[in-house]
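Here is the structure we will look at, set down as structure tokens.
The values are calculated or read from the model by the stated rules, or taken from the named source; none is laboratory data. Owing to the predicted nature of the structure, the values given are computational and were not obtained by experimental measurement. Don't worry about glycine lacking a Cβ; one is built from the backbone with ideal geometry, like all the others, and counts go over all protein chains shown. Quick note on the areas: whole protein, heavy atoms, side chains included, nothing else; ligands and nucleic acids left out. Shrake-Rupley method; radii C 1.70, N 1.55, O 1.52, S 1.80 Å.
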Amino acid sequence: MLAPMAGREPGGRLVQAGEPRSIRLEAVRAVAALAVIVEHCYGYAHNYDPAAIFGSFRDRLLAATGNGVDLFYALSGYLLFLPFARWCWADAEAPDLGRYGRNRALRILPLYYVVIVAYLVVEGATRSQWWAFLTFTQNFFRGSLLQIDAPTWSIVVEVEFYVVLPLVGWLLFRTTRGSALRGAAALAGLVGVTLALNLSVTGDSPLSWQYSPATNAFYFLPGMVLAYLTCLRPERVTSRLPRPLRRSDLWVATGVALWMIHAWLWSHNELLALGCFLVLAACVLPLDRGLATTVLQLRALGLVGMVSYSIYLWHAPIVEALARVVPAGFPGLLVASVAASLAVGAVSYAVVERPFLLLRRSWSSASPAPATSTTKTSSGVR
């Protein structure tokens with residue numbers, strides 16, 4: 001068995017409904033949510049005309065902000081797999097699956113149903129659309145995928161991950177038996193299988209396959225691998241790195257550069273996954289603080305991250321509605337959409353999310369370990 005990591009993630013803390021949250025990770029969540037809004041504003045401002053959206057490198061950079069969804073997935077992979085990783089490789093107790101299930105349900109379901117029922121009513125949805133959205137199966141049907149509230153496709157992927165994760169954790173515990181080497185081999189196998197599924201998607205693939213949980217599972221693996229590494233006392237490794245390589249700014253800059261290369265090529269999704277890994281690693285590994293991590297410790301940014309689930313679920317129809325009335329093109333639409341989404345998100349969090357999050361403490365004998373969750377044209381949650 002490996003020794004548990006001595007400390008928690010670097011950086012300050014926020015309190016969300018009585019539970020501690022890492023400011024850095026909530027700030028990453030905020031960046032991901034705002035990036036998705038940028039992509040939607042750019043798309044609606046250009047009527048989603050492919051020639052306008054993908055015509056130049058600058059266009060592709062703005063369109064690629066929709067990949068904030070993959071950062072949401074990586075965050076979920078790290079935060080939710082971490083207790084299982086500690087069980088497998090750091091001699092920790094097995095996660096309480098009852099509490100895990102309650103926490104996931106209270107985190108995701110109340111707000112999701114409030115938002116989706118509201119939009120189903122407003123849009124005059126068909127009976128089949130009601131059934132699909134209420135059962136989290138909208139990704140599998142042409143009449144509901146990317147309809148009503150398009151970003152909810154990624155919530156389906158998240159929910160599938162929540163359901164499968166305990167089984168994956170149990171299998172890793174049984175097969176690796178505390179061995180770091182076997183753990184590395186098992187995770188490498190998961191990376192290979194999920195990457196193969198991801199690469200099976202082509203331009204001719206049905207949308208239901210492109211947006212399926214199977215082909216998007218790959219984006220959870222960067223966070224899961226990072227959770228595994230935190231069980232190996234990474235401070236022993238990072239302290240021996242040359243000084244420049246210990247700079248968190250270098251890790252973030254490299255992650256951003258990989259995202260830009262992906263936007264330039266508009267291919268090689270493994271670059272996105274590696275970029276997500278490097279950005280998250282800069283936030284949780286014991287590296288030297290830099291400008292990027294200083295920005296990610298801004299309390300205001302962390303607070304936006306705390307309400308990002310509300311922002312994410314409400315924003316797409318807001319952007320679409322504003323696109324019809326805001327005259328200033330992309331810049332004006334972006335400013336109006338961010339302002340409106342932040343305002344609606346804050347109210348939604350206070351009225352819907354927070355009361356249910358408070359139940360997590362009252363329904364548990366002890367507070368759960370710090371966690372946050374999540375979030376291709378839209379994004380994820382924790």
Options ALA74, ALA94, ALA85; residue that is touching a Phe, Trp or Tyr at 6+ places or on another chain (Cβ under 9 Å) and open to solvent by 10 Å² or more (accessible area, probe 1.4 Å):
ALA94
Here are some residues: LEU291, LEU285, LEU296. Which one is touching a Phe, Trp or Tyr at 6+ places or on another chain (Cβ under 9 Å) and not polar (S, T, N, Q)?
LEU285
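Yes or no, residue by residue, for (1) in contact with a Leu (Cβ under 9 Å, 6 or more places away or on another chain); (2) farther than 28 Å from VAL191 by Cα; (3) among the aliphatic types (A, V, I, L, M):
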| site | (1), (2), (3) |
| --- | --- |
| MET224 | yes, no, yes |
| ALA227 | yes, no, yes |
| HIS262 | yes, no, no |
| ALA321 | no, yes, yes |
Can you say whether VAL114 is of a type in the set (A, V, I, L, M), at pLDDT 95 or above and over 27 Å from ARG361 (Cα atoms), as far as the supplied structure shows?
no
When restricted to VAL115, VAL122, the only residue open to solvent by less than 20 Å² (accessible area, probe 1.4 Å), part of a helix (DSSP H, G or I) and out of contact with any Lys or Arg (no Cβ under 8 Å at 6 or more places or on another chain) is VAL115
Residue list for region 284-338, restricted to those being within 27 Å of TRP153 (Cα to Cα), out of contact with any helix residue (DSSP H, G or I) (no Cβ under 7 Å at 6 or more places or on another chain) and hydrophobic (A, V, I, L, M, F, W, C)
LEU303, ALA321, VAL325, VAL335
In the list VAL114, VAL163, which residue meets the criterion of being β-branched (Val, Ile, Thr), within 23 Å of the chain's Cα centre (by Cα) and more than 30 Å from ASP91 (Cα to Cα)?
VAL114
Got a sec? Which of LEU357, LEU291 is farther than 30 Å from HIS46 by Cα and surrounded by fewer than 17 Cβ atoms within 10 Å (Cβ to Cβ)?
LEU291
Say whether the condition of being out of contact with any strand residue (DSSP E or B) (no Cβ under 8 Å at 6 or more places or on another chain), within 19 Å of ALA74 (Cα to Cα) and open to solvent by less than 40 Å² (accessible area, probe 1.4 Å) is met by at least one residue in region 259-267.
yes
Within the bounds of region 244-260, is there any residue that is assigned to a helix (DSSP H, G or I), of a type in the set (D, E, K, R) and within 22 Å of the chain's Cα centre (by Cα)?
yes
Residue list for region 143-177, restricted to those being acidic (Asp, Glu) and open to solvent by 40 Å² or more (accessible area, probe 1.4 Å):
GLU160
Among the residues of region 178-190, are any of a type in the set (D, E, K, R), assigned to a loop (DSSP other than H, G, I, E, B) and either modelled with pLDDT under 95 or open to solvent by 50 Å² or more (accessible area, probe 1.4 Å) (or both)?
no
Evaluate the following for GLY302: is it part of a helix (DSSP H, G or I) and within 23 Å of GLY12 (Cα to Cα)?
yes
Here the residues within region 239-253 that are of a type in the set (Ser, Thr, Tyr) and either at positive phi or surrounded by 16 or more Cβ atoms within 10 Å (Cβ to Cβ) (or both) are SER248
Is it the case that region 235-243 has a residue that's among the acidic types (Asp, Glu) and either over 22 Å from SER154 (Cβ atoms) or part of a loop (DSSP other than H, G, I, E, B) (or both)?
yes
Across region 125-134, what is the number of residues that are among the polar types (S, T, N, Q), in a helix (DSSP H, G or I) and more than 18 Å from PRO151 (Cβ to Cβ)?
1
